[in-house]
Amino acid sequence: MKLRQGAFSFLPDLDDSQIHTQVQYCIDQGWAVSVEYTDDPHPRNTYWEMWGHPMFDNPDAAAVVFELNECRKQFGDYYIRIIAFDSTHGWESIKLSFIVNRPKEEPGFHVTREEIKGRSMRYSINSYATKNPEGKRY
Amino acid sequence: MVAENLNTIKQSKEKIDLHAQLIETGVEHVLLELDNTLIGLEPVKTRIRETAALLLVEKAREKLGLIHETPTLHMSFSGNPGTGKTTVALRMAELLHKLGYVRKGHLVSVTRDDLVGQYIGHTAPKTKEVLKKAMGGVLFIDEAYYLYRPENERDYGQEAIEILLQVMENNRDDLVVILAGYKARMNTFFESNPGFRSRIAHHIEFPDYTSEELLEIGNKMLDQLNYSFTKSAEQAFLEYIDLRKAQAHFANARSIRNALDRARLRHANRLFKENKGPVGVQKLSTLEEYDIRESRVFTGGIDN
């Protein structure tokens with residue numbers, strides 16, 4: 001099951017030159033772009049591991065694509081995303097986030113149903129991948 | 001296959017006006033500015049014109065569908081201090097940007113300190129950080145030979161050199177590297193790092209300025225600051241240049257700038273000492289012979 005999180009996730013995967021164009025847009029808007037990775041695809045997993053520092057003072061997107069490829073070398077089987085942070089007063093939040101790398105196989109999620117009082121149901125999801133400990137999932 | 005292609009392309013009637021391209025891209029403007037603002041340096045200017053021509057032709061070939069290859073643009077500037085290497089590098093960045101060979105056209109100027117770390121494992125991230133900053137523009141490494149210290153085999157400079165070479169080769173489309181430094185030391189540097197020599201296509205030498213050119217530079221500097229020489233002061237300054245050139249640590253245009261700074265100092269001092277009532281524009285902006293002749297250089301001393 002393909003993970004649909006962040007922008008462009010219903011499109012075919014972006015190639016490097018398309019990533020370059022998107023990142024260049026972010027940089028031109030004055031946002032700080034950074035690369036993050038994780039092997040826990042749960043949608044509530046907000047904070048991924050940072051790959052290096054956010055790149056505040058790189059005027060060109062080539063640097064980000066370069067770092068992305070460095071990250072792929074080490075975490076080629078992880079989810080990698082690019083996020084762009086807008087530091088403008090009042091915003092101070094992520095303006096754009098999109099996945100740029102995913103594991104070869106994405107096993108999807110298991111739905112757990114729990115009966116609670118009054119025949120109500122409570123649902124939660126777990127990725128099949130997260131059964132294994134961190135680092136051994138994909 | 002390729003030959004066939006060439007034949008079909010040769011049929012093409014499309015034509016490109018190179019001269020119009022020169023003006024359209026704004027390259028002509030940069031070249032003219034180079035001619036006007038930089039005094040002397042004829043061989044440098046010719047080389048830059050030649051390079052610009054080659055790059056324009058490459059672009060035209062690309063447009064018409066002929067086989068083209070992004071030329072290696074890494075350069076080395078060698079010359080004595082104060083001969084305008086940094087200034088030319090700045091112009092070069094602008095030029096390459098206008099020609100469409102670098103995307104942003106900014107110049108990141110660094111020395112050994114910015115590339116080499118202080119402890120094991122510190123160098124690689126530091127160098128990469130700088131390289132990333134320079135992507136899409138030009139990386140200018142001043143006094144590049146300090147990266148290589150043969151007398152200390154544990155020196156981290158070698159690590160920076162390796163990363164630099166790797167990126168120069170793999171990310172050729174992303175950045176242009178310009179190495180600069182004194183000629184003799186650059187030569188030893190290249191000899192001990194053959195990897196660099198072969199990856200750099202353009203070796204440009206910056207000649208020393210003649211006394212007349214230095215005087216012209218001096219006049220230009222003064223003009224920018226709203227000062228001027230009297231006739232006799234100009235003569236004195238020419239003598240000063242000749243004397244100063246013979247001394248140690250002469251740094252061409254930089255020495256001229258320093259000499260003028262000191263002349264302005266003496267000028268200000270003189271105005272106070274004379275104390276002849278209010279002074280006008282004329283007095284405030286004219287350097288006289290006295291301001292030059294007071295220099296230690298005329299009595300055998302050394303100026304910086």
**Request:** Quantify how strongly other chains surround peptide A:24-31 by giving the mean number of their Cβ atoms within 10 Å of each of its Cβ atoms.
**Result:** 1
**Complete:** Filtered pair list for region B:1-122 (Lys only, Cα < 24 Å, 8 or more apart or interchain) has a length of 17
**Message:** Quick query: amide H of B:Ser76 versus all other amide H atoms, modeled in the peptide plane; which residues come in under 5 Å with a sequence gap of 5 or more or a different chain?
**Reply:** B:Leu179, B:His202, B:His203, B:Ile204
**Complete:** One would report the antiparallel percent of DSSP beta bridges in the protein assembly as shown, rounded to the nearest 5, as 55 percent
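Counting other Cβ atoms within 10 Å, keep those with at most 14, restrict to DSSP loop, and tell me which chymotrypsin sites (Phe, Trp or Tyr not before Pro) in region B:108-166 are left.
B:Tyr119
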**Neighbour-limited loop hits for GluC sites (Glu not before Pro), region A:58-138 (at most 14 other Cβ within 10 Å; DSSP other than H, G, I, E, B)** = A:Glu92, A:Glu105, A:Glu134
**Asked** If you keep only loop residues by DSSP, which trypsin sites (Lys or Arg not before Pro) in region B:76-172 have at most 14 other Cβ atoms within 10 Å of their Cβ?
**Response** B:Arg154
**Item:** Fully extended contour minus Cα-Cα distance, from B:Leu66 to B:Asp114, at 0.36 nm per residue
**Value:** 13.2 nm
**Message:** Under 5 Å between amide hydrogens, which residues at least 5 positions from A:Leu96 or on another chain qualify, with H placed 1.01 Å from N in the peptide plane?
**Reply:** A:Ala84
**Item:** Hz values of 3J(HN,Hα) by residue in region B:30-35 - Karplus curve (6.51, -1.76, 1.60), Gly and Pro given as x
**Value:** 5, 5, 5, 4, 4, 4
**Item:** Point-to-point label distance, A:Gln29-B:Ser211, nm (Cα→Cβ direction, 7 Å offset)
**Value:** 6.3 nm
**Prompt:** Residues in region B:208-240 near a label at B:Thr286, defined as backbone nitrogen under 11 Å from the 7 Å Cα→Cβ point?
**Reply:** B:228-233
**Request:** Could you check the simple spin-label distance between B:Gln235 and B:Asp155, using points 7 Å along Cα→Cβ, in nm with one decimal?
**Result:** 5.0 nm
**Prompt:** Can you sort A:Trp51, A:Trp91 by how many other beta carbons sit within 10 Å, fewest first?
**Reply:** A:Trp91, A:Trp51
**Prompt:** Based on the Cβ-Cβ distance of A:His42 and A:Gln74, what FRET efficiency does E = 1/(1 + (r/R0)^6) give at R0 = 30 Å, to the nearest 0.05?
**Reply:** 0.85
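Just so you know, all these numbers are worked out from the coordinates, no wet-lab data involved. On a predicted model such as this, the values are computed, not experimentally measured, just so you know. Positions of Cβ are generated from backbone atoms using ideal geometry, with glycine treated the same way; all protein chains shown enter the neighbour counts.
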